[in-house]
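Taking it in order: structure first as structure tokens, then the write-up.
The values are calculated or read from the model by the stated rules, or taken from the named source; none is laboratory data. Keep in mind it's a predicted model, so treat the numbers as computed, not measured. For neighbour counting, all protein chains shown are included, and Cβ atoms are generated from backbone atoms with ideal geometry for every residue, glycine included. Calculation scope for accessible area: heavy atoms of the full protein, side chains included, ligands and nucleic acids excluded. Shrake-Rupley method; radii C 1.70, N 1.55, O 1.52, S 1.80 Å.
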Amino acid sequence: MRELYYNSALAPLESEQRIRLSRLRRIELAFVVELLIVLFIGRGSVVALIKGGGSLAFATYGVVFCERLESLTQGTSVDTLRRHLLPVLVCSGLLGLADLGILLGVESLVIRSVESVFVVTIGAFLLTATIRLQQNVSGLSGAR
């Protein structure tokens, strides 16, 4: 979403941006480091906190740029993509938060079930986004 926002024709110039691109790159690097920590350490309460906080921050980061894109891409294929990927971002953030149930004493079977529901929901949202974008591309090629 950030890449679409900054590469659009109506995006603000670098001097007009509230947050510099270099700072955004450091935030994105922090997301990668968080992912590596979660992958290498495995399971546990500390990892659940890191994963939950990181997934919520990543989803929020994506939603912020998704909302910024709204006025720039209204009525285009990118707007369709943006509207279909917004629920994917939200569900991804909630998926990462599901592991925090361990800290609250929720049974692991319940946590895994909730995670499975979010994974299936994300897949459904991605499927509808793919179908809709394919219809847009077919409509464009049929118009020629």
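Quick notes
- Per-residue HN-Hα couplings for region 74-89 [Karplus 6.51, -1.76, 1.60; θ = phi - 60°; Hz; x = Gly/Pro]: 4, x, 10, 5, 5, 5, 4, 4, 4, 5, 7, 8, 4, x, 5, 4
- Among 54-64, 73-83, the peptide with the highest mean count of other Cβ atoms within 10 Å heads the list, and the full ranking is 54-64, 73-83.
- Cα gyration tensor shape for region 27-79, rounded if a/c is under 1.5, else prolate or oblate: prolate
- For region 46-130: rounded, prolate or oblate by the Cα gyration tensor [a/c cutoff 1.5]: oblate
- Accessible area (Å², per residue) of region 28-75, counting only protein heavy atoms and a probe of 1.4 Å: 59 Å²
- Backbone HN-Hα couplings from phi across region 33-50 [Karplus 6.51/-1.76/1.60, Hz, Gly and Pro as x]: 4, 4, 4, 5, 4, 5, 5, 7, 7, x, 9, x, 5, 5, 5, 4, 5, 5
- Peptides 101-112, 41-52 ordered by average Cβ neighbours within 10 Å, highest first: 41-52, 101-112
- Stretchable slack from I131 to I27, in nm (0.36 nm times residue separation minus alpha-carbon distance): 34.2 nm
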